[in-house]
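Q: Provided herewith is a single structure, encoded as structure tokens, for subsequent inquiry.
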Amino acid sequence: MKKNRFWQKVGGTTIVPISAKILAIVTILLLTSNFVTNYLTISLYSKEVIKLNNQLLTKELKEIYINAGNQRQIFLFSGNRHDAMAALEQASEKDMMFSASWALGTTASGEIIFKTKGANFNVFPDEATLAAMVADQDAGIDEGARFFSMPAGEYFGVYKYHEDWGAFLIRAELMSDMMSVSRAVFLQASFIIISLVVVFLVVAFVSLRRLLRFIGVISQSLYDMQQKQEMSIINLKDAPADDISYVGISFNALSSLIGNLLGIFRKFASQDVVDKAYHNRYISLEGEQRELAVLFTDIKSFTKMTETLGNGIIDVLNLHYNSAIRKIHEQGGIVGSIIGDALLAVYGIGDAEAMRCKSLSAVVSAWELHDSVAELRQSMLECRMAIEQTRRLTEREEEVFRAVFLDIGVGIDGGTVFYGTVGSVERMANTVIGDNVNSASRMEGLTRIYQTPIIVSEYVMQEVVSLQDAANTRFRFFELDRVQVKGKTKGQRIFFPMDLSRASDKEIENWERFEKILGVYYKGDWGNALSELRMIYERSKMPTVKVFIDRLEAFGGDVAPDDWRGVWTMQTK
């Protein structure tokens, strides 16, 4: 069969290849579409930049406002205004993207009560805008968005009046900085568009030439099958458009089915199992001993929640797990199992860095899980407040509200465990087995006893401390007790991982005093320990301290039992 030739002349007319025609049409449409889209984007993006920055600044201002309220309470307690303002400045500084960005608090007279580094002035310069804000405040409007004329240029920002401090809190960005980001984005987008168009045209031209060049091969194959009166496989790798479309449609249907099955598989199996199945094309019943960190979390008072909510408990669990699992994955954790209200996750599966930081990642996840639950509780509280603006809650609604007001405990341990696949060839499950897994579960149970959000083992404490240094210390570990949990024959030290970014100096001081008294308690001098514990509780109302007070009072509070060896034996899980 004669091979097709491009650009040949027939009767003096040049026959233009169909690939060239398609390529020309695609080029015109592609370039026109991209340039029109880019032009419209440029026209609209400036407004969207201000809109999006307004949303972002509003969110950051809300955090500054909340922090200002917290610092106000600390100031009223300590009387140290300078430290309160310094803490507020430091907290406000963390989200600044540009050197000219600033957040500050100013009184109606222009006095600056606090400011971040970007505000290089001591009196608020834009008197006209400040006067307008004061006028709005007098009219009952205490928040909004404004353009500010400053020495460095025009700023866009949002403000909110803080009644306790008697000042406007403002978060602002320099307009030129905001637009510089958009200009950079436009340049990058233009470069990417041009690059992709060039690559696309080259690939399309080569692909079309090859597809149309081998149309004779397809015809020859059909002719051969007719002559032999037998079916055979046609190589459609370079088939023409009509045949490729048919194969493509069939393939897409199959691909869609496989993609759906793979998506479902990912949801029921951990990521490492999915990766293994993808690369090896099979999963076998096997496992190995690995050194991992194990996190166990459970919802408190879950039985009562189930009794109250009925089938609605599934919606609450899904709402909780949707956020919790995402936060675990963000820290490199793998969800091992979900059993009702309990969730087990492991850390350290992956590269060397994941193994080295496994305990730190688990502790970070633990605090983020509590943040997630706190956000959920805040949402529920806002819903309640919205209802109460129109009417009072019914008794049933009160009961449901208390049920969905979630709280969790988190326990973390680490060490050598068995990690792998168990079951049979008909039904498999990825699991983690070991003494440290049970220990993490027990520690989660101890959070209810010691009234702390998180409890970790000595293994986790030592590993996290080894990763931190004086200049980069986020977590400080305070010893809680030496316990022998049910089912164990030996005692172990347990710790509370305090996040220093969330704790006040007073809280740290109270925990330091408590930890010192533990030494007296361990030695059996319960009389002095009880006296000191009562003094701490009188000042701090720490729930953990109350646990020890109740424990010692139940035993008389003076002298430890004769068999006391510094380890408290738990009678329940």
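The values are calculated or read from the model by the stated rules, or taken from the named source; none is laboratory data. Just so you know, these numbers come straight off a predicted model, no measurement behind them. Every residue, glycine as well, gets a Cβ built from its backbone with ideal geometry; the counts of neighbours run over all protein chains shown.
Q: Of all residues in region 455-489, how many are touching an Asp or Glu at 6+ places or on another chain (Cβ under 9 Å) and among the β-branched types (Val, Ile, Thr)?
A: So the count comes out to 3.
Q: Is it true that Met96 is outside any helix (DSSP H, G or I), buried (at least 17 other Cβ atoms within 10 Å of the Cβ) and at pLDDT below 85? Explain how you work it out, then say what you get.
A: Numbers: outside any helix (DSSP H, G or I): yes; buried (at least 17 other Cβ atoms within 10 Å of the Cβ): yes; at pLDDT below 85: yes.
Yes, satisfied.
Q: Taking only region 137-151 into account, find how many residues are closer than 18 Å to Lys115 by Cβ and crowded, with 16+ Cβ neighbours inside 10 Å. Spell out the reasoning first.
A: Initially, region 137-151 is screened for residues closer than 18 Å to Lys115 by Cβ, giving 146, 148-151.
Now narrow it down to the ones that are crowded, with 16+ Cβ neighbours inside 10 Å: 146, 148, 150.
Of the residues in that region, 3 qualify.
Q: Considering each of Val422, Val373 in turn, give the residue that is over 30 Å from Val464 (Cβ atoms) and touching a residue at least 40 places away in the same chain (Cβ under 8 Å).
A: Criteria check complete, one pass: Val422.
Q: I'm checking my understanding of the structure. Among residues of region 352-370 that are among the small types (Gly, Ala, Ser) and free of Cβ contacts under 8 Å to residues at least 40 places away in the same chain, which one is farthest from Val464 (Cα to Cα)? It would help to see each step written out before you state the result.
A: Just the residues of region 352-370 that are among the small types (Gly, Ala, Ser), to begin with: 352, 354, 359, 361-362, 365-366.
With the extra rule that they be free of Cβ contacts under 8 Å to residues at least 40 places away in the same chain, the set shrinks to 352, 354.
Numbers: Ala352: 16, Ala354: 13 Å.
Step by step, filter region 352-370, then rank; the result is Ala352.
Q: So, one more: What about Phe124, is it touching a Gly at 6+ places or on another chain (Cβ under 9 Å), crowded, with 17+ Cβ neighbours inside 10 Å and modelled with pLDDT of 90 or more? Step through it out loud before you land on a result.
A: Details: touching a Gly at 6+ places or on another chain (Cβ under 9 Å): yes; crowded, with 17+ Cβ neighbours inside 10 Å: yes; modelled with pLDDT of 90 or more: yes.
Spelling it out, Phe124 is indeed touching a Gly at 6+ places or on another chain (Cβ under 9 Å), crowded, with 17+ Cβ neighbours inside 10 Å and modelled with pLDDT of 90 or more.
Q: Let me spell it out: the conditions are (1) within 22 Å of Arg476 (Cα to Cα); (2) among the charged types (D, E, K, R); (3) buried (at least 16 other Cβ atoms within 10 Å of the Cβ), and Asp341 meets all of them except one. Which number is the exception?
A: Here Asp341 clears every test but (1).
Q: Looking at Ala554 and the list (1) of a type outside the set (Phe, Trp, Tyr); (2) within 21 Å of Gly491 (Cα to Cα); (3) more than 37 Å from the chain's Cα centre (by Cα), which single condition is not satisfied?
A: It fails just one condition, (2).
Q: Going residue by residue through region 390-403, is there one that turns out to be in contact with an Asp or Glu (Cβ under 9 Å, 6 or more places away or on another chain), among the β-branched types (Val, Ile, Thr) and surrounded by 15 or more Cβ atoms within 10 Å (Cβ to Cβ)?
A: Scanning region 390-403, I find no residue that is in contact with an Asp or Glu (Cβ under 9 Å, 6 or more places away or on another chain), among the β-branched types (Val, Ile, Thr) and surrounded by 15 or more Cβ atoms within 10 Å (Cβ to Cβ), so the answer is no.
Q: Now a separate question. In region 514-535, what count of residues is obtained for those that are surrounded by 17 or more Cβ atoms within 10 Å (Cβ to Cβ) and closer than 19 Å to Ile494 by Cβ?
A: So the answer is 8.
Q: Among the strands (runs of 3 or more DSSP E) lying completely within region 425-536, list those that include at least 1 residues that are touching a residue at least 60 places away in the same chain (Cβ under 8 Å) and not β-branched (Val, Ile, Thr). Can you show your working first?
A: On the way: elements: 428-433, 454-457, 475-484, 492-499.
Strands (runs of 3 or more DSSP E) meeting the threshold: 428-433, 475-484, 492-499.
Q: Ok, one more. What are the residue pairs meeting all of these: first residue in region 84-97, first residue over 11 Å from Gln71 (Cα atoms) and assigned by TED's automatic domain parsing to the domain that holds Leu61, second residue of a type in the set (S, T, N, Q) and surrounded by 16 or more Cβ atoms within 10 Å (Cβ to Cβ), Cβ atoms under 8 Å, and 6 or more apart or on different chains?
A: Close Cβ pairs (under 8 Å, with a partner that is of a type in the set (S, T, N, Q) and surrounded by 16 or more Cβ atoms within 10 Å (Cβ to Cβ)) amount to Ser92/Asn67; Ser92/Thr116; Glu93/Thr116; Met96/Thr116.
Q: Which residue out of Thr544, Thr569, Thr489 is in contact with a strand residue (DSSP E or B) (Cβ under 9 Å, 6 or more places away or on another chain) and modelled with pLDDT under 85?
A: Numbers: Thr544 fails: modelled with pLDDT under 85; Thr489 fails: in contact with a strand residue (DSSP E or B) (Cβ under 9 Å, 6 or more places away or on another chain).
Of Thr544, Thr569, Thr489, the one residue that is in contact with a strand residue (DSSP E or B) (Cβ under 9 Å, 6 or more places away or on another chain) and modelled with pLDDT under 85 is Thr569.
Q: Turning to a different aspect of this structure: Do we have Leu104 as touching a residue at least 12 places away in the same chain (Cβ under 8 Å), assigned by TED's automatic domain parsing to the domain that holds Met175, among the hydrophobic types (A, V, I, L, M, F, W, C) and in contact with a Phe, Trp or Tyr (Cβ under 6 Å, 6 or more places away or on another chain) here?
A: Numbers: touching a residue at least 12 places away in the same chain (Cβ under 8 Å): yes; assigned by TED's automatic domain parsing to the domain that holds Met175: yes; among the hydrophobic types (A, V, I, L, M, F, W, C): yes; in contact with a Phe, Trp or Tyr (Cβ under 6 Å, 6 or more places away or on another chain): no.
Considered against the rule, which asks whether it is touching a residue at least 12 places away in the same chain (Cβ under 8 Å), assigned by TED's automatic domain parsing to the domain that holds Met175, among the hydrophobic types (A, V, I, L, M, F, W, C) and in contact with a Phe, Trp or Tyr (Cβ under 6 Å, 6 or more places away or on another chain), Leu104 comes out as no.
Q: Would you confirm whether any residue within region 59-70 is modelled with pLDDT of 85 or more, touching a His at 6+ places or on another chain (Cβ under 7 Å), surrounded by 14 or more Cβ atoms within 10 Å (Cβ to Cβ) and part of a helix (DSSP H, G or I)?
A: yes
Q: Can I ask one more? Taking the stated definitions as given, is Ser424 of a type outside the set (A, V, I, L, M) and at pLDDT 80 or above?
A: Working: of a type outside the set (A, V, I, L, M): yes; at pLDDT 80 or above: no.
No: the conditions fail for Ser424.
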